[in-house]
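Reading through the structure tokens given below for one structure.
The values are calculated or read from the model by the stated rules, or taken from the named source; none is laboratory data. As the structure is a computational prediction, the values presented were derived from the model and not from experiment. Glycine gets a Cβ as well: all are built from the backbone with ideal geometry, and neighbour counts include every protein chain shown.
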Amino acid sequence: MKPLLYFYNYEQRKEVLLTCMSRILFMIFCLFTVCANQSKGQLIIDSVSFDVETGAKVTITNDLTSAKGLPSTGKYLLQGADSQSINMNGKTISNLEIDNASGVWLQSDVKLTGLLKFSNGKIITDGHSFTLSDIAEVSGMGNDKFIETNNSGQVIKDIALNLSSYEIPVGAGTLYRPVFLSTTGSNTGAHVGIQVSDSASSNKPPSTSDYLKANWTITSAGINGTLSAQARYAATADVVGNEENLKAYIFNGTDWSSSGTINTMGNTISYPITNTSVNITAIDKFNLLKAKVLLQGPYNASSQLMADNLRIAGVIPLTEPYSQPPYNTAFAKINDPIAETADDTVFDDQPLKSDDIVDWVFLELRNTAAGNNIIQTRSALVQRDGDIVDIDGKSPVTFNNVADGNYTVAVRHRNHLGNSTDPATFTPMLTEKQSATSFVDFTASSFLFGGTSAHGVASDGKFVLWGGDANINGIVRFAGLNNDKDFIYVNSLNSDASATLSDVYSPADVNMDSKIKFNALANDKDFIYTKVLENSSTIIRTESLP
Ligand SMILES: [Ca+2]
Ligand SMILES: [Ca+2]
Ligand SMILES: [Ca+2]
Ligand SMILES: [Ca+2]
């Protein structure tokens, strides 16, 4: 039998096949404008209604463009050798089969009302949505056979009757990462949208040790009862670090909560969903420290900011210094296998100069039991206004694989004397929720360990870590054994009092102006004498930690 419509393709013999397994009906209302691109074999439906009867299929080897809905009981098979596109102008299509290893790209939102079958290859949303109607079904999905929403676009499921583990066929790259949805209650006009990405969540704290390189964003509307979602990650490819450390985390736009359930055998994370927009993934159990500290060396009480001469001189190392000589013997790392490293852009000028980076600091998380044992250490950055931030230069820092709870926290610095919260008076609550974790203010509080002699007080009343520990022994002194003045003179300046070393990142640069000087303006010797020791050559400052 002869097709009712011809598609010409003289040269390359590519074709749009109107496969006449059965009859194909065209109901032509006005101009006959179903046409075929002669060289490429597109199917373009303009102002006609086009129908494929039950059991029939139209095989399309290039792009499908339709100004009209395609509600046929038959099937549209996309089976090109090169990538294809669908532009439904937002209209519905009933039954679709994908058989194209090069992929099918959406050029408009598409809604499917029948069966979507994957034989080979994927649909890429490319910024558009692919909606599965309340009665739509999907088959054949798996690795390389799914709807890819990476970076842009969504798969939306319309919900009339309740869903029971309804499989949303999403993936990214070559790997299938579906979401299973269940609902209860009466839902009117309800729908749920899913986007999956094969990278770590952009909201994830920067220094977590174990996490998934996959995350799902789930939006919902019209859910009157309950919605639960289970996402399945790729067994090996998605896991960074130790899978056994992972907890199922959900982000509501403000806080992370490890309130989900993870099944590391089935590679699933499951949650009740109670917000209209959430992001889910798995991360090691972390808690957050929000803290502020000022270093006496660079602190300027007039501007109430620390100077950032080391940053401006470009001498702050991208990787924290405490793992390396000359600091590593004085700063013992505990449960701290990673040397924190920041991107060089973190040391660029920030939108607010108060957020520019001053230096690396060293943090100790201690338990509140007798002895205040150090549970975990890590390095972090400090901004000019004193905010202690993670390696991205702005986020609160995390301690990993530790529970929410009350802790003692100490902050130390390579040529300043550290401070700690006083376990007798204040044990800050550190939690995974940014909105709930305590703020630890080393610049103002009366909860610091060791009393008033354990820290300096700037002329504006702010508490500062004592500076001047040029030889990193936890003591600042001007005379006598192992004094810091002689260390600068003998060890750093080779006993040349008139020498100046510039652009240095050195413990002997106690005022942190990137220079080591013994005489002349803003020299390091006088900083110790006048500022740290308050014009006394006999006072000795000693680091005081629990
Ligand atoms: Ca800040
Ligand atoms: Ca570290
Ligand atoms: Ca010293
Ligand atoms: Ca200096």
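Of the residues Thr437, Thr398, Thr443, only one is hydroxyl-bearing (Ser, Thr, Tyr), under 25 Å from the mean Cα position of the chain (by Cα) and at pLDDT 95 or above; which?
Details: Thr437 fails: at pLDDT 95 or above; Thr443 fails: under 25 Å from the mean Cα position of the chain (by Cα).
Selected residue: Thr398, the only one of Thr437, Thr398, Thr443 that is hydroxyl-bearing (Ser, Thr, Tyr), under 25 Å from the mean Cα position of the chain (by Cα) and at pLDDT 95 or above.
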How do the pairs read when you match residues in the stretch 324-344 that are within 16 Å of Pro205 (Cα to Cα) with residues anywhere that are away from ligand 2 (no atom under 12 Å from the Cβ) and assigned to a loop (DSSP other than H, G, I, E, B), using Cβ under 8 Å and keeping only pairs 6 or more apart or on different chains? Thr341/Leu318; Ala342/Leu318; Ala342/Asp392; Ala342/Gly393; Asp343/Leu318; Asp343/Asp392
Which numbered condition in (1) more than 16 Å from ligand 3 (Cβ to nearest atom); (2) in contact (Cβ under 8 Å) with a residue 24 or more places away in the chain; (3) charged (D, E, K, R) is the only one that Asp496 fails? (2)
Go through (1) surrounded by fewer than 19 Cβ atoms within 10 Å (Cβ to Cβ); (2) more than 16 Å from ligand 3 (Cβ to nearest atom) and name the single condition Ile374 misses. (1)
From the residues in the stretch 332-344 that are near ligand 2 (Cβ under 10 Å from one of its atoms) and buried (at least 17 other Cβ atoms within 10 Å of the Cβ), which one is farthest from Val402 (Cα to Cα)? Glu340
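Among Leu417, Leu381, Leu430, which is the only one that is buried (at least 21 other Cβ atoms within 10 Å of the Cβ) and more than 23 Å from Asn300 (Cβ to Cβ)?
Details: Leu417 fails: more than 23 Å from Asn300 (Cβ to Cβ); Leu381 fails: more than 23 Å from Asn300 (Cβ to Cβ).
Every option except Leu430 fails the conditions.
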Entirely in the stretch 104-165, the strands (runs of 3 or more DSSP E) that have 2 or more residues that are assigned by TED's automatic domain parsing to the domain that holds Trp216 and buried (at least 17 other Cβ atoms within 10 Å of the Cβ): 129-132, 154-159
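Being within 26 Å of Ala307 (Cβ to Cβ), hydrophobic (A, V, I, L, M, F, W, C) and either touching a Lys or Arg at 6+ places or on another chain (Cβ under 6 Å) or assigned to a loop (DSSP other than H, G, I, E, B) (or both) is the filter here; which residues of the stretch 340-379 pass it? If you could, list the steps in order and put the result at the bottom.
Keep residues of the stretch 340-379 that are within 26 Å of Ala307 (Cβ to Cβ), which gives 340-364, 378-379.
Narrowing the set further to residues that are hydrophobic (A, V, I, L, M, F, W, C) leaves 342, 346-347, 352, 357-358, 360-363.
Correct list: Ala342, Phe347, Leu352, Ile357, Val358, Phe362, Leu363.
Scan the stretch 276-284 and give yes if some residue there is of a type in the set (A, V, I, L, M, F, W, C), under 18 Å from Gln376 (Cβ atoms) and under 20 Å from the mean Cα position of the chain (by Cα), otherwise no.
Filtering the stretch 276-284 down to residues of a type in the set (A, V, I, L, M, F, W, C) leaves 278, 280, 282-283.
Subsequent filtering for residues that are under 18 Å from Gln376 (Cβ atoms) retains 283.
Cutting the leftovers down to under 20 Å from the mean Cα position of the chain (by Cα) gives us 283.
Yes, the conditions are met somewhere in the stretch 276-284.
Residue by residue, here is whether (1) surrounded by 14 or more Cβ atoms within 10 Å (Cβ to Cβ); (2) under 19 Å from the mean Cα position of the chain (by Cα) holds:
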residue: Thr261; (1), (2): no, no
residue: Gly266; (1), (2): no, no
residue: Ile269; (1), (2): yes, yes
residue: Ile273; (1), (2): yes, no
residue: Phe286; (1), (2): yes, yes
residue: Tyr299; (1), (2): yes, no
residue: Ile312; (1), (2): yes, no
residue: Pro321; (1), (2): yes, no
residue: Tyr327; (1), (2): yes, no
If you go through the stretch 279-333, how many residues are within 16 Å of ligand 4 (Cβ to nearest atom), outside any loop (DSSP other than H, G, I, E, B) and not basic (Lys, Arg)? 8
Report those strands (runs of 3 or more DSSP E) wholly inside the stretch 1-97 carrying at least 2 residues which are modelled with pLDDT of 50 or more and surrounded by 16 or more Cβ atoms within 10 Å (Cβ to Cβ). 43-45, 49-52, 57-60, 64-66, 75-78, 84-87
Here are some conditions: (1) of a type in the set (Val, Ile, Thr); (2) within 16 Å of ligand 3 (Cβ to nearest atom); (3) surrounded by fewer than 18 Cβ atoms within 10 Å (Cβ to Cβ). Val457 meets all but one. Which one does it not meet? (2)
Flag if Val504 is assigned to a loop (DSSP other than H, G, I, E, B) and among the β-branched types (Val, Ile, Thr): yes
Taking Ser152, is it at pLDDT 95 or above and of a type in the set (Ser, Thr, Tyr)? no
Quick check on the stretch 287-302. Is at least one of its residues closer than 26 Å to Thr431 by Cα, in contact with a strand residue (DSSP E or B) (Cβ under 9 Å, 6 or more places away or on another chain) and away from ligand 1 (no atom under 16 Å from the Cβ)? yes
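Residue-by-condition table, conditions (1) in contact with a helix residue (DSSP H, G or I) (Cβ under 8 Å, 6 or more places away or on another chain); (2) surrounded by 18 or more Cβ atoms within 10 Å (Cβ to Cβ); (3) within 23 Å of Ala436 (Cα to Cα):
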{"position": "Ala214", "(1), (2), (3)": "no, yes, no"}
{"position": "Thr219", "(1), (2), (3)": "no, no, no"}
{"position": "Ala229", "(1), (2), (3)": "no, yes, no"}
{"position": "Arg232", "(1), (2), (3)": "no, yes, no"}
{"position": "Asp238", "(1), (2), (3)": "no, yes, no"}
{"position": "Asn242", "(1), (2), (3)": "no, no, no"}
{"position": "Lys247", "(1), (2), (3)": "no, yes, yes"}
{"position": "Ile250", "(1), (2), (3)": "no, yes, yes"}
Of the conditions (1) surrounded by fewer than 22 Cβ atoms within 10 Å (Cβ to Cβ); (2) within 34 Å of the chain's Cα centre (by Cα), the single one that Ala497 does not satisfy is (2)
What about Asn482, is it at positive phi, without any contact (Cβ under 8 Å) to a residue 60 or more places away in the chain, in contact with a Phe, Trp or Tyr (Cβ under 9 Å, 6 or more places away or on another chain) and not aliphatic (A, V, I, L, M)? no
Residue list for the stretch 516-546, restricted to those being buried (at least 19 other Cβ atoms within 10 Å of the Cβ) and within 11 Å of ligand 4 (Cβ to nearest atom): Ile516, Lys517, Phe518, Asn523, Asp524, Lys525, Phe527, Ile528
Do we have Ile375 as of a type outside the set (Gly, Ala, Ser) and either farther than 26 Å from Phe439 by Cα or away from ligand 1 (no atom under 16 Å from the Cβ) (or both) here? yes
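For the stretch 349-372, name all the residues that are within 15 Å of ligand 1 (Cβ to nearest atom) and without any contact (Cβ under 8 Å) to a residue 40 or more places away in the chain. Spell out how you get there, then give the answer.
First pass over the stretch 349-372, keeping only residues within 15 Å of ligand 1 (Cβ to nearest atom): 349-359, 361.
Correct list: Asp349, Pro351, Leu352, Asp355.
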